[in-house]
Amino acid sequence: MRMRIRMIPGFTLPAGSWDPVIKFFDPDWDVQAFDIPDGLDFVATAETLGHRGAQGVWVGYSLGARLALCLALNRPETVERLVLISSTAGIESSDDRRARTAADNELAVSIESNGVDIFLEQWLDQRLFETLPAEVAQLSERKRVATAHGLIHQLLVLGQGVQEPLWGRLGELDLPVLIIVGQWDRAYTRTGQRLQEAIGDNATLAVIPSAGHAVHLEQPEAVAHEIAAWLAAAE
């Protein structure tokens with residue numbers, strides 16, 4: 001069966017960041033990765049991506065996973081199967097969302113003050129990415145394609161602080177869902193377990209060994225294999 005795979009990257013990453021994973025897919029598959037568009041709110045961004053990609057298996061990482069989840073809930077006819085990598089369904093507490101918004105505002109100010117290159121270096125230097133080797137972090141590519149406007153838009157308009165949490169709607173997902181996390185990313189492993197429980201029996205959790213949050217960059221072959229095996233089992 002010729003699979004239609006549609007992929008959404010995470011914050012600071014372009015569509016091409018999926019290339020290390022895509023090269024391990026079946027070459028006969030129809031695979032497309034999309035950049036996250038500017039200028040739209042969270043729901044409209046998800047729907048725009050859905051219009052661009054049409055029906056298929058949707059794969060998202062981090063911010064891209066939250067967008068893919070939103071698309072699956074609001075336009076279920078577009079998403080045949082869903083793969084969520086290092087994902088959450090949003091921040092439930094309004095106080096925590098306000099705190100996240102304040103933190104994202106500070107990051108936006110730092111982009112304006114220090115420039116994109118310094119921001120990206122500092123972004124990858126945080127503990128969340130401590131297991132991500134520099135040679136696969138794609139820093140040069142991030143610097144090449146990122147703009148201050150685009151990064152600030154993703155922080156202030158698509159960030160978790162402003163996104164309406166989707167935890168209460170996860171039971172609506174009536175399709176196979178694969179949740180992928182890295183073994184060393186303890187926080188998102190716990191979140192992945194919670195996602196699996198909230199979605200139900202149609203959700204599968206895969207923990208990739210020797211990987212952290214950016215699991216698709218750290219272990220692209222293992223991620224590609226996990227997706228392919230899951231798709232084959234669902235046929």
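A few comments on the model shown:
- Each other residue within a Cβ distance under 14 Å of ALA134 adds +1 if Lys or Arg and -1 if Asp or Glu, for a net charge of -4.
- Ordering of 89-96, 147-154, 77-84, 133-140 by packing is 77-84, 147-154, 89-96, 133-140, highest average first (other Cβ atoms within 10 Å, averaged per residue).
- Here the spin labels are modelled as points 7 Å beyond Cα on the Cα-Cβ line, and at ALA54 and GLU164 they lie 2.9 nm apart.
- Principal-axis tilt of helix 63-74 within the chain, Cα atoms, nearest 10 degrees: 50 degrees
- For the pair ASP30 and ASP95 in one chain, pulling the backbone fully straight at 0.36 nm per residue adds 19.2 nm over the alpha carbon distance.
- Helix 186-199 axis, angle to the chain major axis (alpha carbon atoms, nearest 10°): 50 degrees
- Taking the longest Cα principal axis of the chain as reference, the axis of helix 42-53 is set at about 50 degrees.
- Peptides 215-224, 184-193, ordered by how many other C-beta atoms sit within 10 Å of their residues on average, highest first, read 215-224, 184-193.
- Since only LEU156, SER140, VAL109 are under comparison, the one whose Cα sits farthest along the positive direction of the charge dipole of segment 94-157, derived from C-beta charges on Lys, Arg, Asp and Glu, is LEU156.
Values quoted throughout were computed directly from the atomic coordinates according to the rules given, and no laboratory measurement underlies them. Everything numeric in this text was worked out from a predicted model, so none of it was measured. Neighbour counts run over all protein chains shown; Cβ positions are idealised from the backbone, glycine included.
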